[in-house]
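*Asks:* Here it is, the structure, as structure tokens.
The values are calculated or read from the model by the stated rules, or taken from the named source; none is laboratory data. Since we're looking at a predicted model, the values are computed, not measured. Every residue, glycine among them, receives a Cβ derived from its backbone with ideal geometry; neighbour counts consider all protein chains shown.
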Amino acid sequence: MIIDTHVHSKFSIDGQSTVEEMVLSAIEKSVAVLCFTEHVDYDPADHGYGFFDYESYSTEIERVRDAYSDKIEILKGIEFSEPHLHERELELCNSRDFDFILGSVHFVVNEATAEGRCPPVDELDAIYERHYLETLAACRRGGFDALAHIDVPARFLDGRREPAALIDEIMKTMIAKDIALEMNTWCLRKGQAEGSPTAAIMKAYAACGGSFVTMGSDAHCARDIAACMSEARTKGFKRCFYRGRKRVEA
């Protein structure tokens, strides 16, 4: 069963396809469950700040559900950036009828690469450490179902600098908070050797007792729906998705 629980339509600032275009692409690719996770950004410095329209998004999700419910299950989610920094807004989102809330941290790498900047090698350790410290703070706050692209700096920065002790602490915190880990196939789609997270981080998750994994293509256009799902290495983990904020094993 093909399940994609991380996609962005034009209801996200960087989405390129309509909800219906993405649904039709998913049906063509035999996707059984498709969860939209539109960006929700509350950092005024983020280019998506104030873009998300909950009412219009909800109306469109209901429309495509009515039109295609016999062909695919369509779920309504969001990707909430920096949940630990926007607690009041996170509580509002938790009171709404989302099926799934992805938590993520974007702003560290966004600052590091602002205006096309390429940080020098001697800054990479500090950037990676800061990213993972913020990710740990987000997981300690909780209030979301799965953690998206934990190692997102590796998408944009040369050379990995993952601090093992911090990653272990993040994994332990996720498990204590019942937060699943996302396997994001963006890196595979871009020609990298591994998905996000890497086998090393997945091994750390397993060593800490983690087992639940969501699958996401991070598609921002219809053609990328479910891309590289078969190449993602999740053997030994339990694939899952969320319906009505309840975990469903796939």
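*Asks:* Being among the basic types (Lys, Arg) and not in a strand (DSSP E or B) is the filter; apply it to segment 216-246 and report the residue that is nearest to Ser12 (Cα to Cα).
*Replies:* Just the residues of segment 216-246 that are among the basic types (Lys, Arg), to begin with: 223, 233, 235, 238-239, 243, 245-246.
Filter once more, keeping what is not in a strand (DSSP E or B): 223, 233, 235, 245.
On the way: Arg223: 16, Arg233: 28, Lys235: 32, Arg245: 21 Å.
The qualifying residue nearest to Ser12 (Cα to Cα) is Arg223.
*Asks:* A further question follows. Being among the hydrophobic types (A, V, I, L, M, F, W, C) and crowded, with 17+ Cβ neighbours inside 10 Å is the filter here; which residues of segment 149-180 pass it?
*Replies:* Ile150, Val152, Ala154, Leu157, Ile167, Ile170, Met171, Met174, Ile175, Ile179, Ala180, listed by residue number.
*Asks:* Right, here's the next one. Modelled with pLDDT of 95 or more, among the hydroxyl-bearing types (Ser, Thr, Tyr) and more than 18 Å from the chain's Cα centre (by Cα): which single residue out of Ser9, Ser25 fits that description?
*Replies:* Exactly one of Ser9, Ser25 is modelled with pLDDT of 95 or more, among the hydroxyl-bearing types (Ser, Thr, Tyr) and more than 18 Å from the chain's Cα centre (by Cα), namely Ser25.
*Asks:* Just to verify a result, which residue in segment 126-150, among those that are charged (D, E, K, R), in contact with a helix residue (DSSP H, G or I) (Cβ under 9 Å, 6 or more places away or on another chain) and in contact (Cβ under 8 Å) with a residue 24 or more places away in the chain, is farthest from Thr37 (Cα to Cα)? Outline the logic, then answer.
*Replies:* The first filter runs over segment 126-150 and keeps only residues charged (D, E, K, R), leaving 129-130, 134, 140-141, 145.
Going one step further and asking which of them are in contact with a helix residue (DSSP H, G or I) (Cβ under 9 Å, 6 or more places away or on another chain), we end up with 129-130, 134, 140-141.
Filter again for in contact (Cβ under 8 Å) with a residue 24 or more places away in the chain, leaving 129, 134, 140-141.
Values: Glu129: 27, Glu134: 21, Arg140: 22, Arg141: 20 Å.
Going through the qualifying residues, I end up with Glu129.
*Asks:* Within segment 108-124, identify whether any single residue is modelled with pLDDT of 95 or more and out of contact with any helix residue (DSSP H, G or I) (no Cβ under 9 Å at 6 or more places or on another chain), and answer yes or no.
*Replies:* no
*Asks:* Okay, moving on. When segment 192-250 is examined, which residues are found to be touching a helix residue (DSSP H, G or I) at 6+ places or on another chain (Cβ under 6 Å), among the acidic types (Asp, Glu) and crowded, with 16+ Cβ neighbours inside 10 Å?
*Replies:* Of everything in segment 192-250, just one residue is touching a helix residue (DSSP H, G or I) at 6+ places or on another chain (Cβ under 6 Å), among the acidic types (Asp, Glu) and crowded, with 16+ Cβ neighbours inside 10 Å, namely Asp218.
*Asks:* Next up: Report whether or not Ile61 is closer than 29 Å to Phe156 by Cβ, buried (at least 22 other Cβ atoms within 10 Å of the Cβ) and in contact with a helix residue (DSSP H, G or I) (Cβ under 8 Å, 6 or more places away or on another chain).
*Replies:* It is false that Ile61 is closer than 29 Å to Phe156 by Cβ, buried (at least 22 other Cβ atoms within 10 Å of the Cβ) and in contact with a helix residue (DSSP H, G or I) (Cβ under 8 Å, 6 or more places away or on another chain).
*Asks:* Another question, then. Please verify whether Phe11 is touching a residue at least 60 places away in the same chain (Cβ under 8 Å), under 20 Å from Arg245 (Cβ atoms) and surrounded by 15 or more Cβ atoms within 10 Å (Cβ to Cβ), treating the condition exactly as stated. Lay out the reasoning, then the answer.
*Replies:* Working: touching a residue at least 60 places away in the same chain (Cβ under 8 Å): no; under 20 Å from Arg245 (Cβ atoms): yes; surrounded by 15 or more Cβ atoms within 10 Å (Cβ to Cβ): yes.
For Phe11, the condition - touching a residue at least 60 places away in the same chain (Cβ under 8 Å), under 20 Å from Arg245 (Cβ atoms) and surrounded by 15 or more Cβ atoms within 10 Å (Cβ to Cβ) - is not met.
*Asks:* From the set of residues in segment 99-125 that are in contact (Cβ under 8 Å) with a residue 60 or more places away in the chain, surrounded by 20 or more Cβ atoms within 10 Å (Cβ to Cβ) and out of contact with any Leu (no Cβ under 7 Å at 6 or more places or on another chain), which is nearest to Asp151 (Cα to Cα)?
*Replies:* Going through the qualifying residues, I end up with His106.
*Asks:* Now a separate question. Between residues in segment 186-211 that are under 16 Å from Met229 (Cβ atoms) and modelled with pLDDT under 95 and residues that are among the charged types (D, E, K, R) and assigned to a helix (DSSP H, G or I), which pairs lie under 8 Å by C-beta distance while being six or more apart or on different chains?
*Replies:* Cβ pairs passing all conditions: Trp186/Arg155; Cys187/Arg155; Leu188/Glu231; Arg189/Asp224; Lys190/Arg155; Gly195/Glu231; Ser196/Arg155.
*Asks:* Checking Glu111 against (1) within 15 Å of the chain's Cα centre (by Cα); (2) part of a helix (DSSP H, G or I), which single condition isn't satisfied?
*Replies:* (1)
*Asks:* On the given criteria, is Thr214 within 13 Å of the chain's Cα centre (by Cα), at pLDDT 95 or above, over 23 Å from Gly159 (Cβ atoms) and among the polar types (S, T, N, Q)?
*Replies:* Taking the combined requirement at face value, the residue satisfies it.
*Asks:* Another one. Tell me the residue from Glu55, Glu21, Glu38 that is without any contact (Cβ under 8 Å) to a residue 24 or more places away in the chain and either polar (S, T, N, Q) or out of contact with any Cys (no Cβ under 7 Å at 6 or more places or on another chain) (or both), please.
*Replies:* Values: Glu21 fails: without any contact (Cβ under 8 Å) to a residue 24 or more places away in the chain; Glu38 fails: without any contact (Cβ under 8 Å) to a residue 24 or more places away in the chain.
Exactly one of Glu55, Glu21, Glu38 is without any contact (Cβ under 8 Å) to a residue 24 or more places away in the chain and either polar (S, T, N, Q) or out of contact with any Cys (no Cβ under 7 Å at 6 or more places or on another chain) (or both), namely Glu55.
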